[in-house]
1. Given the conditions (1) surrounded by fewer than 18 Cβ atoms within 10 Å (Cβ to Cβ); (2) in contact (Cβ under 8 Å) with a residue 24 or more places away in the chain; (3) assigned to a loop (DSSP other than H, G, I, E, B), which single one is not true for residue 72?
2. Going residue by residue through segment 106-116, is there one that turns out to be farther than 21 Å from residue 79 by Cα, out of contact with any strand residue (DSSP E or B) (no Cβ under 7 Å at 6 or more places or on another chain) and in contact (Cβ under 8 Å) with a residue 12 or more places away in the chain?
3. Could you list, in sequence order, all residues of segment 117-142 that are over 16 Å from residue 83 (Cα atoms) and either touching a residue at least 40 places away in the same chain (Cβ under 8 Å) or touching a strand residue (DSSP E or B) at 6+ places or on another chain (Cβ under 7 Å) (or both)?
4. Being more than 17 Å from residue 138 (Cα to Cα) and in contact with a strand residue (DSSP E or B) (Cβ under 6 Å, 6 or more places away or on another chain) is true for just one of 87, 95. Which residue is that?
5. From the residues in segment 51-69 that are outside any strand (DSSP E or B) and in contact with a strand residue (DSSP E or B) (Cβ under 6 Å, 6 or more places away or on another chain), which one is nearest to residue 134 (Cα to Cα)?
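Read-outs: derived from the displayed coordinates by stated rules, not from any lab. None of the values given here were measured: they were computed from a predicted structure. As a convention, Cβ positions derive from the backbone with ideal geometry for all residues, glycine included, and neighbour counts pool all protein chains shown.
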């Protein structure tokens, strides 16, 4: 009985590990570089951001060390630093001061970016972390098709 249980556990683990191989392959194929990719915010502080709440984007330039983006209606810009260990420091950020009809997430967006200590990647997703706490999730915007 013990051997049957061990065999079942080992077989289950082998199947689980084999099942993850396509996941890893998909993640590698869909992973985008941190710098040079346009990222769109899809989650902020655990809350899903809907397109009706604004299109929050950011792009990091490796050449200039600058981040540029858009909050719900204001443009943002500022310095950033990252390294191969996935540490990330953003800011201080500056933004335009347009009168926006609904900017409830804009300040939280800027605060989440400026509090970043690390980032992680999961396929086409960028996760911004602050001391291990997930602050924001971005999705890579597909590059326009070459014509």
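1. Evaluating residue 72 over (1) surrounded by fewer than 18 Cβ atoms within 10 Å (Cβ to Cβ); (2) in contact (Cβ under 8 Å) with a residue 24 or more places away in the chain; (3) assigned to a loop (DSSP other than H, G, I, E, B) leaves (1) as the failure.
2. no
3. Listed by number, the residues that qualify are 122, 123, 124, 125, 134, 135, 136, 137, 138, 139, 140, 141.
4. That would be 95, the only listed residue that is more than 17 Å from residue 138 (Cα to Cα) and in contact with a strand residue (DSSP E or B) (Cβ under 6 Å, 6 or more places away or on another chain).
5. Of everything passing the filter in segment 51-69, 56 is nearest to residue 134 (Cα to Cα).
Okay, residues lined up against (1) more than 17 Å from the chain's Cα centre (by Cα); (2) under 24 Å from residue 63 (Cα atoms):
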| position | (1), (2) |
| --- | --- |
| 78 | yes, yes |
| 84 | no, yes |
| 94 | yes, yes |
| 98 | yes, no |
| 101 | yes, no |
| 120 | no, yes |
| 128 | no, yes |
